[in-house]
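Enquirer: Please read through the structure below; I'll follow up with questions.
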Amino acid sequence: MKEFHIAKNDSGQRLNKFLEKAVPRLPGGMMHKYCRLKRIKLNGKRAEPSCCLQEGDVLQLYINDEFFSVPDGAQAFRTIAQPRVSVLYEDENILLADKAPGMVVHTDDRGDTDTLIAHIQAHLYQSGAWDPDDELSFVPALCNRIDRGTGGIVIAAKTAEALRVLNGKIKNRELSKKYLCIVHGHPSPASGRMDGFLRKDEKLGLVTVHKTRVPGAKTAVTLYRTLAVRDGLALVECELITGRTHQIRAHMAAAGHPLLGDGKYGLNELNRKFGEKSQALYSYKLRFDFTTDSGGLAYLNGRAFTVRAVPFVQKYFPGYRIP
């Protein structure tokens, strides 16, 4: 028998959600069965998978020890001696990391455990901001993600409350995100709005842009403005009104201005001329624009954070000062 005492970071969530994280090797069907058989009890009584856990609750699990083993990669942070995290901002609730292009944010299909979240967890563990041995189900987690080849700001939540609040804010579009990119050619007009419908092919991992709605497509809106032009390239700022997969890359390519280095949506012939193999795209500015209750994160409302050094800007537009 194993006993869990529910603390603040684990309260407020459904029992089944808690068990998915605290006992990840326990299959969902078996978890429901064990609840029915009273092999999972809450405060000494039969527990329903849908019940909401409260601080101070005691959960008792009469299940085999094999279910408590840790999945491969879950402890990757413990193997990192020197975390590679460029911290843009950190407080007791959140951490803003400036992700380097080429780093994957989560373990992907390749099984890579050298991830941004692992390095963030290692940083928090080594600094004493997080002790995994004091937690039951919560681990610091990312609230947003960006592609391996894209650099820029990624938000990590250091508490369960911060994770819940920020996930809601992102869903409600109460965060403003701006990107810098370099495109081939000079957009005309120099600034504007791109509307369309984006459809993702899951097998190919490719997004197509449509002018009218097609089955499976989602609305996509991108604002853009040209900041500088040089040698057949343009430095462009994009603001995501919607946040779809590969939105900026697909939108700019559909407009006839693929991103420099983008082998998926661009032209390799043009990219080879510059020797670039990864898209010139950077999430450089984040602003918190809360319009609904933000709980303990109210102090972030109205604050903006900017990455001042973007490698491809310095390379292709030397002397340009990021706004």
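The values are calculated or read from the model by the stated rules, or taken from the named source; none is laboratory data. Being a predicted model, the structure only gives us computed values, none of them experimental. Virtual Cβ from ideal backbone geometry, glycine too; neighbours counted across all protein chains shown.
Enquirer: Do you know which residues across region 199-229 are buried (at least 18 other Cβ atoms within 10 Å of the Cβ) and within 20 Å of the chain's Cα centre (by Cα)?
Expert: Scanning region 199-229 gives V207, A220, T222.
Enquirer: So P323 ticks every box in (1) more than 14 Å from K178 (Cα to Cα); (2) surrounded by fewer than 20 Cβ atoms within 10 Å (Cβ to Cβ); (3) touching a residue at least 24 places away in the same chain (Cβ under 8 Å) but one. Which box is left unticked?
Expert: (1)
Enquirer: Here is a further query. How many residues are closer than 15 Å to E3 by Cβ and touching a Lys or Arg at 6+ places or on another chain (Cβ under 7 Å) if we restrict to region 39-68?
Expert: 7
Enquirer: So in region 132-154, with the set limited to residues that are among the aliphatic types (A, V, I, L, M) and closer than 28 Å to L240 by Cβ, which one is surrounded by the fewest Cβ atoms within 10 Å (Cβ to Cβ)?
Expert: V139
Enquirer: Hey, another quick one. Does any residue of region 165-181 turn out to be more than 19 Å from G243 (Cα to Cα) and either in a helix (DSSP H, G or I) or touching a helix residue (DSSP H, G or I) at 6+ places or on another chain (Cβ under 9 Å) (or both)?
Expert: Within region 165-181, the first condition is being more than 19 Å from G243 (Cα to Cα), and the residues that meet it are none.
Within region 165-181, none of the residues are more than 19 Å from G243 (Cα to Cα) and either in a helix (DSSP H, G or I) or touching a helix residue (DSSP H, G or I) at 6+ places or on another chain (Cβ under 9 Å) (or both).
This table checks each residue for (1) over 30 Å from A22 (Cα atoms); (2) in contact (Cβ under 8 Å) with a residue 40 or more places away in the chain; (3) outside the structural domain of E90 (by TED's automatic domain parsing).
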| residue | (1), (2), (3) |
| --- | --- |
| T150 | yes, yes, no |
| A156 | no, yes, no |
| R193 | yes, no, yes |
| A228 | yes, yes, yes |
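Enquirer: Within region 264-297, restricting attention to residues that are acidic (D, E) and in a loop (DSSP other than H, G, I, E, B), which residue is surrounded by the fewest Cβ atoms within 10 Å (Cβ to Cβ)? Please lay out each step first, then the result.
Expert: Initial filter on region 264-297 (acidic (D, E)): 269, 276, 289, 293.
Subsequent filtering for residues that are in a loop (DSSP other than H, G, I, E, B) retains 276, 289, 293.
Values: E276: 20, D289: 14, D293: 9.
The extreme case among them is D293.
Enquirer: Follow-up question, since we're still on this one. What are the residue pairs meeting all of these: first residue in region 241-258, first residue farther than 18 Å from K285 by Cα, second residue of a type in the set (S, T, Y) and part of a loop (DSSP other than H, G, I, E, B), Cβ atoms under 7 Å, and 6 or more apart or on different chains?
Expert: Close Cβ pairs (under 7 Å, with a partner that is of a type in the set (S, T, Y) and part of a loop (DSSP other than H, G, I, E, B)) amount to A250/Y265; A253/Y265; P258/Y265.
Enquirer: All but one of (1) of a type outside the set (S, T, Y); (2) at pLDDT below 95; (3) under 27 Å from A250 (Cβ atoms); (4) within 16 Å of the chain's Cα centre (by Cα) hold for V154, so report the exception by its number.
Expert: (2)
Enquirer: Ok, one more. Consider region 10-38. How many of its residues are surrounded by fewer than 18 Cβ atoms within 10 Å (Cβ to Cβ) and either more than 28 Å from the chain's Cα centre (by Cα) or assigned by TED's automatic domain parsing to the domain that holds S137 (or both)? Before you say what the answer is, go through the steps one by one.
Expert: Quick first cut of region 10-38, residues surrounded by fewer than 18 Cβ atoms within 10 Å (Cβ to Cβ) only: 11-12, 14, 16-17, 20-21, 24-25, 27-30, 32-33, 36-38.
Within this subset, residues satisfying the condition of being either more than 28 Å from the chain's Cα centre (by Cα) or assigned by TED's automatic domain parsing to the domain that holds S137 (or both) are 29-30, 32-33, 36-38.
Summing the residues that are surrounded by fewer than 18 Cβ atoms within 10 Å (Cβ to Cβ) and either more than 28 Å from the chain's Cα centre (by Cα) or assigned by TED's automatic domain parsing to the domain that holds S137 (or both) in region 10-38 gives 7.
Enquirer: Sticking with this structure for a sec: Identify all residues within region 280-320 that are farther than 21 Å from R249 by Cα, basic (K, R) and in contact (Cβ under 8 Å) with a residue 60 or more places away in the chain; write none if there are none.
Expert: Scanning region 280-320 gives a single hit, R287.
So that you can scan it fast, the table gives a plain yes or no per residue for (1) more than 25 Å from A129 (Cβ to Cβ); (2) modelled with pLDDT of 90 or more; (3) under 27 Å from the mean Cα position of the chain (by Cα):
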| site | (1), (2), (3) |
| --- | --- |
| K2 | yes, no, no |
| K45 | yes, yes, no |
| I63 | yes, no, no |
| P71 | no, no, yes |
| A74 | no, no, yes |
| V85 | no, yes, yes |
